[in-house]
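**Student:** Below is the structure I would like to discuss, written out as structure tokens.
Bear in mind these aren't lab numbers, they're just calculated from the coordinates by the rules spelled out. Everything numeric here is computed off the predicted structure, so don't read it as measured data. Neighbour counts run over all protein chains shown; Cβ positions are idealised from the backbone, glycine included.
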Amino acid sequence: MAIMKANTAGATRIAMRGIRKAYPGVLALDDVDFELHGGEIHALLGENGAGKSTLIKVLTGALQRDRGEIMLDGEPVNFAKTGDAQDAGISTVYQEVNLIPAMTVTQNLTLEKTHGRFGFISWRKARAQAQQKLDRLGLKVELNRTVGSHSVAIQQMIAIARALDDDTKVLVLDEPTASLDADETAALFDVMRSLKAKGIAIVFITHFLEQVYEVSDRITVLRNGCKIGTSLIGDINRQDLIAMMIGRDLGEVEEAFAGERRDGSGEVVLTAEGVGRKRVLAPFDLTLRAGEVVGLSGLLGSGRTELVKLIFGALKHDSGTLKLANGTAGNNPRASLDAGIVLCPEDRKSEGLVGELSVRENIILSMQAKRGWLRKVSRAEQEKIADEMIRALAIATPDGEKLVRQLSGGNQQKVVLARALASSPRIMLLDEPTRGIDVGAHAEILTLIRTLCEDGLALLVASSEIDEVVASSDRVAVLRDRRKIGELTGEDITRDKIVTMIAGDNL
Amino acid sequence: MKLIEQPFVRRILNGRAIWPLLALAVILIADGFISPGFYEIRIVEGRLFGNLIDILYRAVPTALIALGMAVVIGTRGIDLSVGSIAAIAGAMIAWRIQAGDPHGVVLLYALGAGILCGMWNGMLVAFLGIQPIIATLILMVSGRGIGMLINLIYGGTDPSFQSDFLQWLSTGSILFIPTRLYVFAVIFLLLWLVIRRTALGLFVEATGGNAAASNLAGVNAKLIIFAAYLICGLTAGWAGVILTADTHTSDPVSVALYIELDAILAVVIGGGSLAGGRIYLGMTVIGALVIQALTTSILISGLPPEYNLIIKALVVLFVLVLQSDNARRGIVSKFRRSP
Ligand SMILES: Nc1ncnc2c1ncn2[C@@H]1O[C@H](COP(=O)(O)OP(=O)(O)OP(=O)(O)O)[C@@H](O)[C@H]1O
Ligand SMILES: [Mg+2]
């Protein structure tokens with residue numbers, strides 16, 4: 001420990017040695033070492049299911065390790081519960097945001113440390129403290145609204161704000177940027193850098209490699225429960241890093257897309273004319289064609305999710321008409337599904353998956369719903385479909401019988417996609433489809449989307465990642481302030497053009 | 001990913017089926033010590049008699065209601081009105097027999113009343129969005145009153161009745177075995193077919209597990225919830241028929257009193273969670289047997305009846321603690337740490 005490389009400012013804050021953690025049937029961490037220095041931002045990388053989240057849960061006492069030791073500032077520690085880690089100065093934002101949706105922002109932000117006397121809470125003080133926490137991130141949120149009424153991205157920011165504390169020594173962030181836009185990400189990075197300057201050690205988990213290069217000092221890669229290596233960020237290039245993560249070269253899959261865009265000559269499968277809903281989204285026009293990917297770009301809160309839900313009927317439109325190739329759309333999810341439309345929602349935990357059901361049951365759910373309750377998909381057929389999907393999307397699970405809530409975050413996301421695909425849709429509405437998905441799988445899913453398109457599927461993809469939109473769309477619809485402000489086609493689809501449009505500068 | 005073998009014993013200990021079965025076995029074995037001859041079975045007047053048969057026999061109404069309750073709890077709901085529904089079904093019988101209907105039709109009236117009650121609950125919960133505990137409390141409170149009003153329709157002073165057919169269903173026997181056990185077996189089988197051989201069970205579990213997600217996945221969550229309460233109303237109606245035919249009296253005030261609590265306990269002992277998302281029909285029946293076996297053993301043990309409820313509560317607590325993940329993990333890890 002004594003010999004430290006240059007550049008890594010502080011002393012060793014946390015040393016984890018020989019960590020082993022098994023879940024029933026799966027060895028998630030196998031003899032893993034991890035070291036974190038004061039004043040560094042340390043990126044923890046690896047494929048979906050590599051064991052990243054498990055490692056930090058072991059660190060914070062959310063899970064008990066089977067073997068190995070953890071030292072904090074040279075002293076061995078054993079956190080029996082997360083509160084102990086918090087008291088020792090380790091603040092954590094877990095991958096699955098664990099705020100209490102029915103409570104207000106203030107209540108959520110001040111849950112752990114309430115202010116007041118004689119057991120009574122002083123809400124005035126609480127609000128002031130909550131406001132201060134939000135200000136650190138430059139976040140403007142109404143304090144009295146419930147957390148559940150905010151978008152996933154805002155919830156993510158609130159969770160980060162909650163974790164930041166005055167006596168934080170170590171900050172752990174598990175995929176904090178998965179659902180954030182560029183602006184929020186930048187704000188978060190500013191905060192991270194200023195904390196780092198104060199000597200705080202930060203663990204940062206992400207699947208965005210640009211962000212790794214932008215903000216981190218060192219990286220540690222896990223693969224399949226084993227530690228592959230640690231390196232200074234300057235010492236490793238992108239190719240090698242990916243090879244370390246997935247154990248092979250990725251090839252140039254991603255670049256392959258940007259090439260041709262299709263001209264939109266396919267048959268029109270859906271037309272929205274003046275579809276909108278008061279106070280949710282101004283009336284918009286949109287057509288989807290077979291074999292075409294339409295990207296949906298816009299800032300957080302610009303109405304991306306709402307547009308997708310209006311088309312699916314999860315939100316009812318109160319103006320305009322929604323026409324399908326074979327009639328009017330039904331204006332509710334059930335009817336949409338029958339008409340061959342399927343939605344992958346943005347928030348996989350609350351709207352996407354049934355955590356207590358198995359991977360198999362989740363995958364066939366939409367397909368079964370489409371068939372109706374009387375014509376049950378036989379067990380054999382269910383298993384066949386589930387196995388096919390598990391293979392096609394490389395879902396890391398021993399078999400289809402594992403409960404979905406026991407999968408790693410990225411693998412859960414894949415199950416959402418698998419369920420949509422299994423219902424053999426003609427129109428797919430994807431809201432942040434690659435949220436939390438690793439580099440390798442990301443490329444594979446984009447390829448899959450491409451192939452499906454060639455087979456005549458129509459796709460609408462809402463995404464906060466502008467690069468992804470640029471790379472995969474044939475046409476891009478841009479939203480701003482709950483209004484569709486235009487479309488880009490062909491040559492016009494560039495990062496710059498989209499950014500200018502969503503930022504609101506006149507073209 | 002790295003797979004590891006789980007030792008057989010750990011798998012069993014982690015399983016949910018073992019504890020209720022074990023509890024039942026322990027109770028029955030203890031009975032053997034308390035009362036010699038506990039396991040004796042005799043044939044009297046062409047029907048089997050004995051403590052074991054008695055437990056099965058008496059468990060039928062609770063088990064029937066528990067089956068419906070299991071489905072409702074699967075949707076993350078609860079039905080407190082089952083006892084009242086049984087009372088209404090019983091009042092229906094007395095009234096229609098008084099009115100001179102054929103007794104087969106009387107049975108349909110009683111079951112129909114159960115279904116209607118279930119539909120009422122289902123409508124309140126699924127379509128009006130009222131919380132299950134409140135929605136079913138309405139019928140729980142008013143249902144016995146409704147039963148008394150039905151009695152009043154025809155004078156109500158003398159609500160007892162004679163019906164060979166209904167009594168045969170409840171207390172008769174076929175080939176030495178009580179008829180109600182056949183009735184129960186048929187209902188269990190039909191319900192199992194509806195739940196497991198169609199996709200209804202999956203939809204109920206999906207809805208109970210995450211209603212919003214199921215809805216977006218295309219499951220008609222409201223209809224599923226409605227159906228669950230309907231099924232529960234029907235099984236409660238059946239329990240009402242069996243209980244009322246047993247006493248040949250419509251007694252809305254006291255028939256099936258507190259049966260909702262036993263039914264809920266049976267579901268929970270069977271491994272069902274009030275958080276919804278899972279239906280275990282077979283284990284629910286075991287749960288009902290555990291409760292009945294306990295009641296019977298306290299009776300034969302000669303303990304003063306005051307102890308009855310306390311002992312019942314203790315045993316139930318014990319089973320539930322063993323089933324809780326946390327407690328079990330604690331116990332299992334003791335095993336593992338010892339070497
Ligand atoms: N509660 C659980 N029960 C059983 N297995 C689990 C549980 N949680 C995680 N696992 C398994 O442990 C492995 C590691 O999961 P982990 O969540 O640490 O992955 P991760 O690296 O965070 O992945 P991601 O990038 O997708 O978030 C996975 O194979 C996962 O299926
Ligand atoms: Mg994770």
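**Student:** So which of A:K309/A:K349; A:K370/B:K2; A:K52/A:K349; A:K81/A:K169 end up more than 25 Å apart, counting from Cα to Cα? Mind showing how you got there, number by number?
**Tutor:** On the way: A:K309/A:K349 17 Å; A:K370/B:K2 36 Å; A:K52/A:K349 19 Å; A:K81/A:K169 18 Å.
Beyond 25 Å between Cα atoms: A:K370/B:K2.
**Student:** Something else: Could you check the simple spin-label distance between A:N98 and B:I138, using points 7 Å along Cα→Cβ, in nm with one decimal?
**Tutor:** 3.8 nm
**Student:** Taking the alpha-carbon centroid of each part, what is the distance from the stretch B:104-181 to the stretch A:124-165 in angstrom?
**Tutor:** Here the two parts' Cα centres lie 53 Å apart.
**Student:** Taking the alpha-carbon distance from A:K57 and a cut-off under 16 Å, which aspartates and glutamates remain once sequence neighbours fewer than 8 residues away in the same chain are dropped?
**Tutor:** A:D30, A:D31, A:D33, A:E35, A:D66, A:E69, A:D84, A:D87, A:E96, A:D174, A:E175
**Student:** A further question on this structure: With only alpha-carbon atoms in the gyration tensor, what are the semi-axes of the equivalent ellipsoid for the stretch B:145-189, in Å, largest first? Can you show the working numbers first?
**Tutor:** Numbers: eigenvalues 178, 38, 7 Å².
Output for the stretch B:145-189: semi-axes of 30, 14, 6 Å.
**Student:** Still on this structure: Placing +1 at every Lys and Arg Cβ and -1 at every Asp and Glu Cβ, with all other atoms neutral, what dipole size does the stretch A:12-246 have around its Cα centre, in debye to the nearest 20? Walk me through the intermediate numbers first.
**Tutor:** Values: 27 positive and 30 negative charges, 157 e Å.
Roughly 760 debye for the stretch A:12-246.
**Student:** Using the alpha-carbon centroid of each, what span in Å lies between the stretch B:276-327 and the stretch A:374-449?
**Tutor:** For the stretch B:276-327 versus the stretch A:374-449, the Cα centre distance is 41 Å.
**Student:** Can you pull the three principal axis extents for the Cα set of the stretch B:49-326, in Å, largest first?
**Tutor:** 53, 43, 36
**Student:** For A:V77 and B:L274, what does the FRET efficiency come to when R0 = 35 Å and r is the distance between their Cβ atoms, rounded to the nearest 0.05? Before the final figure, lay out each step's value.
**Tutor:** Numbers: r = 37 Å, r/R0 = 1.05.
About 0.45, to the nearest 0.05.
**Student:** Can you give the mean number of other chain Cβ atoms that lie within 10 Å of the Cβ atoms in peptide A:370-382? Before the final figure, lay out the partial values.
**Tutor:** Working: counts 2, 1, 3, 13, 5, 2, 7, 2, 0, 0, 0, 0, 1.
Across the residues of A:370-382, the mean count of other-chain Cβ atoms within 10 Å is 3.
**Student:** By average Cβ neighbour count within 10 Å, what is the ranking of B:282-292, B:199-209, B:104-114 from highest down? Don't skip to the answer; put the middle values down first.
**Tutor:** Numbers: B:282-292: 24.7, B:199-209: 26.3, B:104-114: 19.9.
Listed from highest to lowest mean packing, they are B:199-209, B:282-292, B:104-114.
**Student:** At most 12 other Cβ atoms within 10 Å and a DSSP loop assignment: could you name the trypsin sites (Lys or Arg not before Pro) in the stretch A:122-217 that fit? Can you show the working numbers first?
**Tutor:** On the way: sites: A:R124, A:K125, A:R127, A:K133, A:R136, A:K140, A:R145, A:R162, A:K169, A:R193, A:K196, A:K198; in loops: A:K140, A:R145, A:K169, A:K198.
Sparse-neighbourhood loop trypsin sites (Lys or Arg not before Pro): A:K140, A:K198.
**Student:** Now, a different point. Working out 0.36 nm times the residue gap between A:S149 and A:R17, then minus their Cα-Cα distance, what length gain in nm do you get to one decimal?
**Tutor:** On the way: separation 132, 0.36 × 132 = 47.52 nm, distance 4.17 nm.
Length gained, A:S149 through A:R17: 43.3 nm.
**Student:** Mind checking the angle between helix A:182-197 and chain A's longest principal axis? C-alpha axes, 0 to 90 degrees, to the nearest 10.
**Tutor:** 0 degrees
**Student:** Order these by the 10 Å Cβ neighbour count, fewest first: B:E45, A:E388, A:E47, A:E267. The partial results should precede the final answer.
**Tutor:** Values: B:E45 6, A:E388 14, A:E47 26, A:E267 11.
Starting with the residue having the fewest Cβ neighbours, the order is B:E45, A:E267, A:E388, A:E47.
**Student:** Show which lysines lie in cross-link reach of A:K497 when reach means a straight Cα distance below 24 angstrom and same-chain residues fewer than eight apart are skipped.
**Tutor:** A:K484
**Student:** With a sphere of radius 10 Å drawn around the Cβ of A:A394, what net charge do the other residues whose Cβ falls strictly inside it have (Lys, Arg +1; Asp, Glu -1)? Write down the numbers at each step before the final one.
**Tutor:** On the way: positive: A:R391, A:K414; negative: A:E47, A:D438, A:E444.
In short, -1.
**Student:** Here's another thing I want to ask about it. Among B:G118, A:L111, A:L222, whose Cα projects farthest towards the positive end of the dipole of the protein assembly as shown, with charges put on the beta-carbon of Lys, Arg (+1) and Asp, Glu (-1)?
**Tutor:** Of the options given, the answer is B:G118.
**Student:** Would you mind finding the longest exposed-site-free stretch of chain A, with exposed chymotrypsin sites (Phe, Trp or Tyr not before Pro) meaning DSSP loop and at most 13 other Cβ atoms within 10 Å?
**Tutor:** Values: sites that count: A:F118, A:F120.
That gives A:121-507 as the longest site-free run.
**Student:** Around A:V354, what is the net charge, scoring Lys/Arg as +1 and Asp/Glu as -1 over all other residues with Cβ under 13 Å from its Cβ? Display every interim value, and only then the final one.
**Tutor:** Details: positive: A:R348, A:K349, A:R360, A:R405, A:R419, B:R76, B:R278; negative: A:E351, A:E356, A:E361, B:E205.
Neighbour charge sum, excluding A:V354 itself: +3.
**Student:** Could you calculate the FRET efficiency of B:A99 with B:L317 from 1/(1 + (r/R0)^6), where r is the beta carbon distance between them and R0 is 45 Å, rounded to 0.05? Intermediate values should be presented prior to the final figure.
**Tutor:** Numbers: r = 47 Å, r/R0 = 1.05.
E(calc), rounded to 0.05, equals 0.45.
**Student:** How would chain A be classified by its alpha-carbon gyration tensor: rounded, prolate or oblate, with rounded meaning a/c under 1.5 and the a/b versus b/c comparison settling the rest? Provide the component values of the computation, followed by the final result.
**Tutor:** Working: a/c = 1.63, a/b = 1.43, b/c = 1.14.
Verdict is prolate for chain A.
**Student:** A further question follows. What residues of the stretch A:75-110 lie in the reach of a label at A:K140, counting those whose backbone N is under 18 Å from a point 7 Å from the Cα along Cα→Cβ?
**Tutor:** Zone members listed by number: none at all.
**Student:** Could you give the size of the charge dipole of the protein assembly as shown about its Cα centre, using +1 on the Cβ of each K and R and -1 on the Cβ of each D and E, expressed in debye and rounded to the nearest 20? Write down the numbers at each step before the final one.
**Tutor:** Working: 85 positive and 86 negative charges, 316 e Å.
Charge dipole of the protein assembly as shown: 1520 debye, to the nearest 20.
**Student:** Which Cα, out of A:A243, A:T206, B:P252, lies furthest along the positive dipole direction of the protein assembly as shown (beta carbon charges, K/R +1, D/E -1)?
**Tutor:** Toward the positive end, the furthest listed residue is B:P252.
**Student:** Still on this structure, I have one more. To the nearest 0.05, how large is the calculated FRET efficiency for A:E69 and A:K125 if R₀ is 41 Å and r is the Cβ-Cβ distance? If you can, show how the numbers build up before the last one.
**Tutor:** Numbers: r = 40 Å, r/R0 = 0.98.
My answer for the efficiency is 0.55.
**Student:** Mind running the shape call on the stretch A:66-187? Use the C-alpha gyration tensor, a ≥ b ≥ c as the square roots of the eigenvalues: rounded below 1.5 for a/c, prolate if a/b tops b/c, oblate otherwise.
**Tutor:** Values: a/c = 2.00, a/b = 1.28, b/c = 1.56.
The shape class here is oblate.
**Student:** Among all the lysines, which ones have a C-alpha under 22 Å from B:K312's C-alpha, if same-chain residues fewer than 8 places away are not counted?
**Tutor:** The qualifying lysines are none; the list is empty.
**Student:** Mind ordering B:244-252, A:148-156 by average Cβ neighbours within 10 Å, highest first? Spell out each step's value before the answer.
**Tutor:** Details: B:244-252: 22.1, A:148-156: 19.2.
Final packing ranking: B:244-252, A:148-156.
**Student:** Work through the residues other than B:W168 whose Cβ is under 13 Å from its Cβ and net out their charges, Lys, Arg +1 and Asp, Glu -1. Can you show the working numbers first?
**Tutor:** On the way: positive: B:R47, B:R180; negative: B:D164, B:D246.
Once positives and negatives cancel, what remains is 0.
**Student:** Compute the Cα gyration tensor for the stretch A:12-246, then decide on rounded, prolate or oblate, letting a ≥ b ≥ c be the square roots of its eigenvalues: rounded whenever a/c is under 1.5, prolate when a/b is larger than b/c in the other cases, and oblate in all that remain.
**Tutor:** Details: a/c = 1.83, a/b = 1.46, b/c = 1.25.
The shape class here is prolate.
**Student:** Per-residue Cβ counts within 10 Å, from other chains only, averaged over A:351-359: what number is that?
**Tutor:** Values: counts 7, 5, 6, 14, 4, 10, 10, 0, 0.
The shielding value for this peptide is 6.
**Student:** Counting other Cβ atoms within 10 Å, which chymotrypsin sites (Phe, Trp or Tyr not before Pro) in the stretch B:150-191 have at most 15 and lie in a DSSP loop?
**Tutor:** On the way: sites: B:Y154, B:F161, B:F165, B:W168, B:F176, B:Y182, B:F184, B:F188; in loops: B:Y154, B:F161.
When the chymotrypsin sites (Phe, Trp or Tyr not before Pro) of the stretch B:150-191 are filtered for loop state and at most 15 Cβ neighbours within 10 Å, B:Y154 remain.
**Student:** Taking Cα centroids, how far is the stretch A:38-73 from the stretch A:270-302 in Å?
**Tutor:** 41 Å
**Student:** Bin width 20 Å, alpha-carbon pairs only: give the P(r) of the protein assembly as shown as whole percents, running from 0 to the bin holding the largest distance.
**Tutor:** P(r) for the protein assembly as shown, in whole percents per bin: 14, 40, 33, 13, 1.
**Student:** Quick query: amide H of A:G61 versus all other amide H atoms, modeled in the peptide plane; which residues come in under 5 Å with a sequence gap of 5 or more or a different chain?
**Tutor:** Under 5 Å from the amide H of A:G61 lies no amide H from a residue far enough along the sequence or on another chain.
**Student:** From other protein chains only, count the Cβ atoms within 10 Å of every residue's Cβ in B:215-228, then give the mean. All intermediate terms of the calculation are to be shown ahead of the outcome.
**Tutor:** Numbers: counts 6, 14, 22, 19, 9, 6, 2, 0, 2, 1, 0, 0, 1, 0.
Across the residues of B:215-228, the mean count of other-chain Cβ atoms within 10 Å is 6.
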